[in-house]
Amino acid sequence: MKVPSIWAVLVLATLLSISAPVNANNGNDEFNWNVTIELGYIYNPTLIVGGEQSSFDDYTSVNVWLDLYYKGFFIQSNRYRTSGTFGATELGYELHLDEDFELNIINKNYLAGFDQRNVGLVVDTYIEELEGIKARNFVPSQGIRYIRYLDESVYWVDVAVDLVAGRHRGWVVDTFYTKTTEYRNVDLSFGAGLTVFSADMTNYYFGVDQDEARVNRPFYEPGVGYRAELEAVMRYPLSQDWLFTAGATLSHYSNSISDSSLVARNNVFRFKLSVSYVF
Amino acid sequence: MYFNSKGFAAAVLFVSMSTQAQQATESDVEMIAQPNKCVALTQGRRCYAQVSISWTSNSENDICLVDLDNQLELYCWRSKTQGRYLYEMASSTDINLALVRKIDAMLSSDNPQLATTTLKVSWLYEGSTRKRRWRLF
(Lines give C-alpha, C1' and ligand atoms only; values in the text may rest on other atoms or scores of the structure.)
Protein backbone atom coordinates (compact mmCIF):
# COMPACT_ATOMS: atom_id res chain seq x y z
CA MET A 1 0.00 0.00 0.00
CA LYS A 2 1.39 3.36 -0.95
CA VAL A 3 1.73 5.75 1.88
CA PRO A 4 1.06 9.47 1.33
CA SER A 5 3.99 11.81 1.43
CA ILE A 6 5.43 12.76 4.76
CA TRP A 7 4.40 16.38 4.24
CA ALA A 8 0.79 15.47 3.61
CA VAL A 9 0.73 13.48 6.82
CA LEU A 10 2.38 16.30 8.74
CA VAL A 11 -0.24 18.74 7.49
CA LEU A 12 -3.01 16.28 8.29
CA ALA A 13 -1.68 15.69 11.79
CA THR A 14 -1.38 19.42 12.38
CA LEU A 15 -4.92 20.05 11.21
CA LEU A 16 -6.22 17.25 13.36
CA SER A 17 -4.38 18.58 16.36
CA ILE A 18 -6.13 21.88 15.88
CA SER A 19 -9.62 20.71 15.12
CA ALA A 20 -10.16 17.35 16.76
CA PRO A 21 -11.61 16.93 20.20
CA VAL A 22 -8.92 15.36 22.29
CA ASN A 23 -9.75 12.42 24.45
CA ALA A 24 -7.27 9.58 24.71
CA ASN A 25 -9.77 7.29 26.38
CA ASN A 26 -12.83 7.59 24.19
CA GLY A 27 -15.70 5.77 25.77
CA ASN A 28 -16.39 3.60 28.78
CA ASP A 29 -15.98 0.05 30.03
CA GLU A 30 -18.34 -1.30 27.39
CA PHE A 31 -17.14 0.65 24.40
CA ASN A 32 -13.98 2.58 23.83
CA TRP A 33 -11.67 3.39 21.01
CA ASN A 34 -8.32 4.92 20.39
CA VAL A 35 -6.73 6.20 17.22
CA THR A 36 -3.09 7.14 16.96
CA ILE A 37 -1.28 8.66 14.01
CA GLU A 38 2.42 7.92 14.15
CA LEU A 39 5.17 9.52 12.15
CA GLY A 40 8.79 8.64 12.51
CA TYR A 41 12.11 7.31 11.38
CA ILE A 42 12.57 3.58 11.17
CA TYR A 43 15.64 1.45 10.60
CA ASN A 44 14.15 -1.78 9.40
CA PRO A 45 16.34 -4.24 7.54
CA THR A 46 13.89 -6.86 6.36
CA LEU A 47 14.16 -10.53 7.18
CA ILE A 48 13.48 -11.44 3.58
CA VAL A 49 16.10 -10.84 0.87
CA GLY A 50 15.94 -7.83 -1.41
CA GLY A 51 14.49 -5.42 1.11
CA GLU A 52 17.39 -3.15 1.88
CA GLN A 53 16.29 0.36 2.80
CA SER A 54 17.50 2.99 0.38
CA SER A 55 14.97 5.74 -0.30
CA PHE A 56 13.63 8.35 2.10
CA ASP A 57 10.26 6.60 2.13
CA ASP A 58 11.88 3.38 3.31
CA TYR A 59 13.09 5.09 6.46
CA THR A 60 9.80 6.89 7.04
CA SER A 61 7.34 5.21 9.32
CA VAL A 62 3.75 6.36 8.91
CA ASN A 63 1.11 4.43 10.77
CA VAL A 64 -2.48 4.80 11.77
CA TRP A 65 -3.17 2.64 14.80
CA LEU A 66 -6.73 1.69 15.68
CA ASP A 67 -7.72 0.13 18.96
CA LEU A 68 -11.37 -0.63 19.50
CA TYR A 69 -13.21 -2.38 22.30
CA TYR A 70 -16.88 -3.27 22.43
CA LYS A 71 -18.41 -5.58 25.03
CA GLY A 72 -15.48 -7.97 25.08
CA PHE A 73 -14.68 -7.80 21.37
CA PHE A 74 -11.50 -5.92 20.52
CA ILE A 75 -9.36 -4.79 17.63
CA GLN A 76 -5.72 -4.03 18.30
CA SER A 77 -3.37 -2.85 15.64
CA ASN A 78 0.00 -4.16 16.56
CA ARG A 79 2.88 -5.61 14.62
CA TYR A 80 3.98 -5.35 11.01
CA ARG A 81 2.38 -2.01 10.41
CA THR A 82 5.39 -0.30 8.92
CA SER A 83 4.38 -1.42 5.46
CA GLY A 84 1.02 0.21 5.89
CA THR A 85 -0.90 -3.03 5.66
CA PHE A 86 -3.95 -3.74 7.75
CA GLY A 87 -3.15 -7.43 7.58
CA ALA A 88 -1.68 -7.58 11.05
CA THR A 89 -4.58 -6.18 13.02
CA GLU A 90 -5.45 -8.38 15.98
CA LEU A 91 -9.07 -9.30 16.47
CA GLY A 92 -10.20 -10.90 19.66
CA TYR A 93 -12.75 -11.58 22.31
CA GLU A 94 -12.30 -11.49 26.06
CA LEU A 95 -13.35 -14.77 27.60
CA HIS A 96 -12.22 -13.75 31.06
CA LEU A 97 -10.88 -10.57 32.59
CA ASP A 98 -9.89 -9.79 36.14
CA GLU A 99 -7.15 -7.97 38.02
CA ASP A 100 -4.58 -10.69 37.54
CA PHE A 101 -5.14 -12.25 34.16
CA GLU A 102 -7.03 -12.28 30.89
CA LEU A 103 -8.07 -15.11 28.65
CA ASN A 104 -8.86 -14.18 25.07
CA ILE A 105 -9.78 -15.71 21.78
CA ILE A 106 -7.32 -14.19 19.34
CA ASN A 107 -7.02 -13.84 15.57
CA LYS A 108 -3.59 -12.59 14.57
CA ASN A 109 -0.83 -12.70 11.97
CA TYR A 110 2.38 -13.95 13.50
CA LEU A 111 4.55 -13.66 10.41
CA ALA A 112 4.53 -11.00 7.73
CA GLY A 113 3.50 -11.80 4.21
CA PHE A 114 5.63 -10.90 1.21
CA ASP A 115 5.81 -11.38 -2.52
CA GLN A 116 8.31 -10.99 -5.30
CA ARG A 117 7.98 -7.19 -5.28
CA ASN A 118 7.35 -6.33 -1.65
CA VAL A 119 9.07 -7.68 1.45
CA GLY A 120 7.82 -5.10 3.91
CA LEU A 121 9.13 -1.80 2.65
CA VAL A 122 6.80 0.99 1.62
CA VAL A 123 7.58 1.04 -2.07
CA ASP A 124 7.23 -2.02 -4.32
CA THR A 125 10.30 -2.83 -6.35
CA TYR A 126 11.82 -5.52 -8.55
CA ILE A 127 13.66 -8.05 -6.38
CA GLU A 128 15.82 -10.38 -8.45
CA GLU A 129 16.24 -13.01 -5.72
CA LEU A 130 12.47 -13.40 -5.39
CA GLU A 131 11.52 -13.40 -9.07
CA GLY A 132 8.88 -16.02 -9.75
CA ILE A 133 8.00 -16.96 -6.19
CA LYS A 134 4.42 -17.36 -5.07
CA ALA A 135 3.03 -14.70 -2.76
CA ARG A 136 3.17 -15.46 0.96
CA ASN A 137 0.03 -13.90 2.35
CA PHE A 138 -0.64 -12.46 5.76
CA VAL A 139 -2.32 -15.55 7.15
CA PRO A 140 -4.11 -14.98 10.44
CA SER A 141 -4.05 -17.74 13.00
CA GLN A 142 -6.80 -18.34 15.53
CA GLY A 143 -6.22 -19.39 19.08
CA ILE A 144 -6.14 -18.61 22.76
CA ARG A 145 -4.20 -15.88 24.52
CA TYR A 146 -3.42 -16.00 28.22
CA ILE A 147 -2.23 -12.70 29.69
CA ARG A 148 -0.86 -12.46 33.21
CA TYR A 149 -0.48 -9.09 34.90
CA LEU A 150 2.20 -8.62 37.51
CA ASP A 151 3.52 -5.50 39.22
CA GLU A 152 4.63 -3.20 36.38
CA SER A 153 4.99 -6.14 34.04
CA VAL A 154 2.92 -8.38 31.86
CA TYR A 155 3.48 -11.61 30.01
CA TRP A 156 1.36 -13.55 27.64
CA VAL A 157 1.22 -16.82 25.79
CA ASP A 158 -0.60 -17.26 22.49
CA VAL A 159 -1.32 -20.69 21.10
CA ALA A 160 -2.82 -20.42 17.64
CA VAL A 161 -3.46 -22.39 14.48
CA ASP A 162 -4.29 -21.41 10.91
CA LEU A 163 -7.86 -22.66 11.14
CA VAL A 164 -9.81 -20.31 8.89
CA ALA A 165 -7.63 -19.48 5.89
CA GLY A 166 -6.17 -22.98 5.64
CA ARG A 167 -3.09 -21.79 3.80
CA HIS A 168 -0.64 -23.83 5.82
CA ARG A 169 -2.61 -25.24 8.80
CA GLY A 170 0.47 -24.63 10.95
CA TRP A 171 0.57 -23.75 14.63
CA VAL A 172 2.44 -21.10 16.54
CA VAL A 173 3.23 -20.53 20.22
CA ASP A 174 4.08 -16.91 20.97
CA THR A 175 5.29 -15.77 24.39
CA PHE A 176 6.40 -12.34 25.51
CA TYR A 177 7.30 -10.70 28.78
CA THR A 178 7.64 -6.96 29.23
CA LYS A 179 8.43 -4.90 32.30
CA THR A 180 7.86 -1.17 32.48
CA THR A 181 9.78 1.14 34.74
CA GLU A 182 8.68 4.70 35.37
CA TYR A 183 11.35 7.38 35.58
CA ARG A 184 9.81 10.81 36.14
CA ASN A 185 7.46 11.30 33.15
CA VAL A 186 9.12 8.61 31.05
CA ASP A 187 8.15 4.98 30.66
CA LEU A 188 10.99 2.56 30.01
CA SER A 189 9.91 -0.91 28.89
CA PHE A 190 12.13 -3.93 28.46
CA GLY A 191 10.79 -7.07 26.89
CA ALA A 192 11.82 -10.55 25.81
CA GLY A 193 9.93 -13.06 23.76
CA LEU A 194 10.08 -16.45 22.13
CA THR A 195 7.91 -17.60 19.24
CA VAL A 196 7.93 -21.15 17.97
CA PHE A 197 6.56 -21.89 14.52
CA SER A 198 5.47 -25.29 13.28
CA ALA A 199 7.07 -26.86 10.23
CA ASP A 200 3.91 -26.26 8.19
CA MET A 201 4.09 -22.56 9.00
CA THR A 202 7.80 -22.09 8.28
CA ASN A 203 7.47 -24.14 5.12
CA TYR A 204 4.76 -21.80 3.87
CA TYR A 205 6.73 -18.62 4.53
CA PHE A 206 10.36 -19.64 4.16
CA GLY A 207 10.28 -22.91 2.21
CA VAL A 208 11.10 -23.10 -1.49
CA ASP A 209 8.83 -25.38 -3.51
CA GLN A 210 10.03 -27.39 -6.48
CA ASP A 211 8.29 -25.02 -8.88
CA GLU A 212 9.98 -22.02 -7.25
CA ALA A 213 13.48 -23.50 -7.22
CA ARG A 214 16.19 -21.85 -9.35
CA VAL A 215 19.95 -22.19 -9.60
CA ASN A 216 20.48 -19.73 -6.76
CA ARG A 217 17.25 -20.69 -4.96
CA PRO A 218 17.31 -24.38 -4.11
CA PHE A 219 14.37 -26.43 -2.92
CA TYR A 220 14.07 -26.05 0.86
CA GLU A 221 11.87 -27.23 3.69
CA PRO A 222 12.76 -25.45 6.94
CA GLY A 223 11.01 -27.55 9.59
CA VAL A 224 10.15 -26.20 13.02
CA GLY A 225 11.66 -22.78 13.68
CA TYR A 226 11.74 -20.10 16.32
CA ARG A 227 12.24 -16.40 16.81
CA ALA A 228 13.73 -14.96 20.01
CA GLU A 229 13.37 -11.26 20.66
CA LEU A 230 14.68 -8.57 22.95
CA GLU A 231 13.07 -5.15 23.04
CA ALA A 232 13.59 -1.81 24.73
CA VAL A 233 11.16 1.11 24.39
CA MET A 234 11.08 4.62 25.82
CA ARG A 235 7.87 6.65 25.79
CA TYR A 236 7.61 10.29 26.76
CA PRO A 237 4.52 12.53 26.63
CA LEU A 238 5.42 15.69 24.72
CA SER A 239 2.03 17.20 25.48
CA GLN A 240 -1.53 16.17 26.23
CA ASP A 241 -1.84 14.97 22.63
CA TRP A 242 1.62 14.02 21.45
CA LEU A 243 3.79 11.08 22.40
CA PHE A 244 7.46 10.55 21.65
CA THR A 245 8.65 6.97 21.26
CA ALA A 246 12.13 5.55 20.82
CA GLY A 247 12.80 1.87 20.75
CA ALA A 248 14.71 -1.04 19.36
CA THR A 249 13.99 -4.70 18.80
CA LEU A 250 16.50 -7.46 18.15
CA SER A 251 15.02 -10.58 16.60
CA HIS A 252 17.01 -13.77 16.25
CA TYR A 253 15.67 -16.43 13.90
CA SER A 254 16.59 -20.11 14.10
CA ASN A 255 18.91 -21.65 11.52
CA SER A 256 15.98 -23.57 10.06
CA ILE A 257 14.55 -20.22 9.00
CA SER A 258 17.73 -18.28 8.22
CA ASP A 259 19.11 -21.12 6.07
CA SER A 260 16.34 -20.45 3.54
CA SER A 261 17.52 -18.69 0.39
CA LEU A 262 14.53 -16.36 0.83
CA VAL A 263 15.92 -15.11 4.13
CA ALA A 264 18.60 -12.43 4.25
CA ARG A 265 19.82 -12.70 7.83
CA ASN A 266 19.22 -14.54 11.06
CA ASN A 267 19.43 -11.42 13.28
CA VAL A 268 17.16 -8.48 12.54
CA PHE A 269 17.80 -5.27 14.45
CA ARG A 270 15.09 -2.65 14.11
CA PHE A 271 15.07 0.83 15.52
CA LYS A 272 12.37 3.49 15.59
CA LEU A 273 12.05 7.13 16.59
CA SER A 274 8.57 8.56 16.28
CA VAL A 275 6.04 11.11 17.39
CA SER A 276 2.40 10.12 17.66
CA TYR A 277 -0.78 12.10 17.86
CA VAL A 278 -3.12 10.33 20.25
CA PHE A 279 -6.85 10.98 19.85
CA MET B 1 17.59 35.88 50.48
CA TYR B 2 15.95 33.17 52.54
CA PHE B 3 15.39 33.56 56.26
CA ASN B 4 13.39 31.37 58.53
CA SER B 5 14.47 32.19 62.02
CA LYS B 6 11.67 32.68 64.48
CA GLY B 7 13.99 34.95 66.41
CA PHE B 8 13.36 37.58 63.82
CA ALA B 9 9.61 37.21 63.95
CA ALA B 10 8.98 40.21 66.20
CA ALA B 11 11.26 42.40 64.14
CA VAL B 12 9.64 41.24 60.95
CA LEU B 13 6.23 41.92 62.40
CA PHE B 14 7.37 45.41 63.41
CA VAL B 15 8.75 46.09 59.95
CA SER B 16 5.56 44.75 58.46
CA MET B 17 3.39 46.99 60.56
CA SER B 18 5.51 50.08 60.11
CA THR B 19 5.63 49.72 56.33
CA GLN B 20 2.06 48.70 55.87
CA ALA B 21 1.28 51.89 54.03
CA GLN B 22 3.81 50.96 51.34
CA GLN B 23 3.05 47.24 51.20
CA ALA B 24 2.03 45.60 48.04
CA THR B 25 -1.57 44.97 47.25
CA GLU B 26 -2.90 42.16 45.10
CA SER B 27 -2.68 44.32 42.03
CA ASP B 28 0.96 45.24 42.68
CA VAL B 29 2.40 41.75 42.56
CA GLU B 30 2.74 39.67 39.43
CA MET B 31 3.75 36.02 39.47
CA ILE B 32 4.71 33.89 36.49
CA ALA B 33 5.23 30.11 36.55
CA GLN B 34 7.07 28.56 33.65
CA PRO B 35 6.05 25.97 32.61
CA ASN B 36 2.64 26.01 34.22
CA LYS B 37 1.57 22.66 32.79
CA CYS B 38 2.87 19.18 33.44
CA VAL B 39 1.92 16.21 31.28
CA ALA B 40 2.05 12.68 32.62
CA LEU B 41 1.78 9.59 30.48
CA THR B 42 -1.29 8.27 32.28
CA GLN B 43 -3.99 9.68 34.50
CA GLY B 44 -3.28 9.40 38.19
CA ARG B 45 0.45 9.16 37.75
CA ARG B 46 2.75 11.64 39.49
CA CYS B 47 3.92 14.32 37.10
CA TYR B 48 7.41 15.76 37.36
CA ALA B 49 8.58 19.17 36.24
CA GLN B 50 11.04 21.85 37.22
CA VAL B 51 9.00 25.02 37.38
CA SER B 52 10.57 28.46 37.43
CA ILE B 53 8.45 30.81 39.52
CA SER B 54 9.24 34.49 39.31
CA TRP B 55 7.47 37.52 40.73
CA THR B 56 7.77 41.28 40.65
CA SER B 57 6.28 44.00 42.79
CA ASN B 58 6.12 47.78 42.65
CA SER B 59 7.30 48.07 46.25
CA GLU B 60 9.70 46.25 48.53
CA ASN B 61 8.06 43.39 50.34
CA ASP B 62 8.62 40.57 52.75
CA ILE B 63 6.94 37.92 50.69
CA CYS B 64 6.59 34.16 50.91
CA LEU B 65 5.72 31.61 48.28
CA VAL B 66 3.32 29.03 49.69
CA ASP B 67 1.80 25.78 48.53
CA LEU B 68 -1.90 26.29 49.24
CA ASP B 69 -2.88 22.64 48.85
CA ASN B 70 -0.35 21.35 51.33
CA GLN B 71 -0.25 24.51 53.48
CA LEU B 72 3.51 24.68 53.04
CA GLU B 73 5.86 27.62 53.02
CA LEU B 74 8.22 27.09 50.09
CA TYR B 75 10.43 30.15 50.17
CA CYS B 76 10.55 33.68 51.59
CA TRP B 77 12.15 36.90 50.42
CA ARG B 78 12.87 39.94 52.61
CA SER B 79 12.55 43.49 51.34
CA LYS B 80 12.56 42.49 47.69
CA THR B 81 10.80 43.82 44.63
CA GLN B 82 11.33 40.60 42.71
CA GLY B 83 12.21 37.02 43.24
CA ARG B 84 12.70 33.70 41.52
CA TYR B 85 12.32 30.17 42.79
CA LEU B 86 12.82 26.78 41.15
CA TYR B 87 10.03 24.48 42.21
CA GLU B 88 10.47 20.74 41.82
CA MET B 89 6.97 19.60 40.99
CA ALA B 90 5.99 16.00 41.68
CA SER B 91 2.24 15.66 41.86
CA SER B 92 -0.64 13.77 40.30
CA THR B 93 -3.02 16.70 40.85
CA ASP B 94 -2.95 20.43 40.16
CA ILE B 95 -0.76 22.53 42.45
CA ASN B 96 -2.00 25.91 43.67
CA LEU B 97 0.70 28.37 44.70
CA ALA B 98 0.38 31.84 46.15
CA LEU B 99 2.49 34.77 47.24
CA VAL B 100 1.54 36.10 50.66
CA ARG B 101 2.97 38.61 53.06
CA LYS B 102 5.49 37.22 55.52
CA ILE B 103 3.65 37.30 58.84
CA ASP B 104 3.23 34.80 61.64
CA ALA B 105 -0.03 33.38 60.32
CA MET B 106 0.84 33.50 56.67
CA LEU B 107 -1.78 31.00 55.57
CA SER B 108 -4.68 32.44 57.52
CA SER B 109 -7.60 33.96 55.70
CA ASP B 110 -6.64 37.32 57.17
CA ASN B 111 -3.51 37.38 55.09
CA PRO B 112 -4.56 38.13 51.51
CA GLN B 113 -3.00 36.31 48.61
CA LEU B 114 -1.00 38.83 46.61
CA ALA B 115 -0.80 36.59 43.56
CA THR B 116 -1.73 33.04 42.74
CA THR B 117 -0.92 30.53 40.05
CA THR B 118 -1.99 26.98 39.28
CA LEU B 119 0.36 24.33 37.93
CA LYS B 120 -1.94 22.12 35.88
CA VAL B 121 -1.46 18.36 35.65
CA SER B 122 -2.76 16.65 32.53
CA TRP B 123 -2.13 13.31 30.89
CA LEU B 124 -1.95 11.58 27.57
CA TYR B 125 -3.78 8.35 28.41
CA GLU B 126 -6.72 8.12 30.73
CA GLY B 127 -7.22 5.17 33.02
CA SER B 128 -5.38 1.91 33.06
CA THR B 129 -2.28 1.28 31.00
CA ARG B 130 -3.28 -2.32 30.51
CA LYS B 131 -4.89 -1.89 27.14
CA ARG B 132 -1.98 0.03 25.77
CA ARG B 133 0.11 -1.47 23.02
CA TRP B 134 2.90 -3.52 24.42
CA ARG B 135 5.05 -4.05 21.40
CA LEU B 136 7.18 -1.62 19.46
CA PHE B 137 6.83 -3.30 16.09
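Data overview
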| quantity | calculated |
| --- | --- |
| Search result, residues across the range A:254-279 that are open to solvent by 20 Å² or more (accessible area, probe 1.4 Å), assigned to a loop (DSSP other than H, G, I, E, B), over 23 Å from A:Asp67 (Cα atoms) and not acidic (Asp, Glu) | A:Ser261, A:Ala264, A:Arg265, A:Asn266 |
| Selection count, the range A:169-205, where residues are free of Cβ contacts under 8 Å to residues at least 40 places away in the same chain, within 16 Å of A:Val159 (Cα to Cα) and either more than 10 Å from chain B (Cβ to nearest Cβ) or open to solvent by 60 Å² or more (accessible area, probe 1.4 Å) (or both) | 11 |
| Some residue of the range A:194-208 being among the small types (Gly, Ala, Ser) and within 23 Å of A:Gly247 (Cα to Cα) | no |
| Qualifying residue in the range A:123-141 (condition: modelled with pLDDT under 95 and closer than 26 Å to A:Pro237 by Cα) | no |
| Criterion: out of contact with any Phe, Trp or Tyr (no Cβ under 7 Å at 6 or more places or on another chain), more than 28 Å from B:Arg46 (Cβ to Cβ) and at pLDDT below 95 - qualifying residue of A:Asn216, A:Asn203 | A:Asn216 |
| Verdict on A:Tyr149 being open to solvent by 50 Å² or more (accessible area, probe 1.4 Å) and within 14 Å of chain B (Cβ to nearest Cβ) | no |
| Test set (1) more than 30 Å from B:Glu126 (Cα to Cα); (2) more than 20 Å from the chain's Cα centre (by Cα) - A:Ser258 fails condition number | (2) |
| Residue tally, condition at pLDDT 90 or above, open to solvent by less than 30 Å² (accessible area, probe 1.4 Å) and not aliphatic (A, V, I, L, M), over the range B:6-44 | 2 |
| Residues (more than 13 Å from B:Lys120 (Cα to Cα), within 14 Å of chain A (Cβ to nearest Cβ) and open to solvent by less than 70 Å² (accessible area, probe 1.4 Å)) located in the range B:45-98 | B:Arg45 |
| Selection within the range A:226-239 - open to solvent by 50 Å² or more (accessible area, probe 1.4 Å) and under 19 Å from A:Gly40 (Cα atoms) | A:Met234, A:Tyr236, A:Leu238 |
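For (1) surrounded by 15 or more Cβ atoms within 10 Å (Cβ to Cβ); (2) at pLDDT below 85; (3) among the charged types (D, E, K, R), each residue gets a yes or a no:
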| site | (1), (2), (3) |
| --- | --- |
| A:Ser17 | yes, yes, no |
| A:Asn25 | yes, yes, no |
| A:Asn28 | no, yes, no |
| A:Glu38 | yes, no, yes |
| A:Asn44 | yes, no, no |
| A:Leu47 | yes, no, no |
| A:Gly50 | yes, no, no |
| A:Gln53 | yes, no, no |
| A:Tyr59 | yes, no, no |
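Listed here are the residues, each with its yes/no results for (1) charged (D, E, K, R); (2) more than 9 Å from chain B (Cβ to nearest Cβ); (3) closer than 30 Å to A:Gly132 by Cα.
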residue: A:Tyr220; (1), (2), (3): no, yes, yes
residue: A:Leu238; (1), (2), (3): no, no, no
residue: A:Leu243; (1), (2), (3): no, no, no
residue: A:Ala246; (1), (2), (3): no, yes, no
residue: A:Val263; (1), (2), (3): no, yes, yes
residue: A:Val268; (1), (2), (3): no, yes, yes
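The values are calculated or read from the model by the stated rules, or taken from the named source; none is laboratory data. None of the values given here were measured: they were computed from a predicted structure. Here Cβ is always computed from backbone atoms with ideal geometry, including for glycine, and neighbour counts include all displayed protein chains. Protein only, heavy atoms only, side chains kept; ligands, DNA and RNA dropped before computing areas. Shrake-Rupley method; radii C 1.70, N 1.55, O 1.52, S 1.80 Å.
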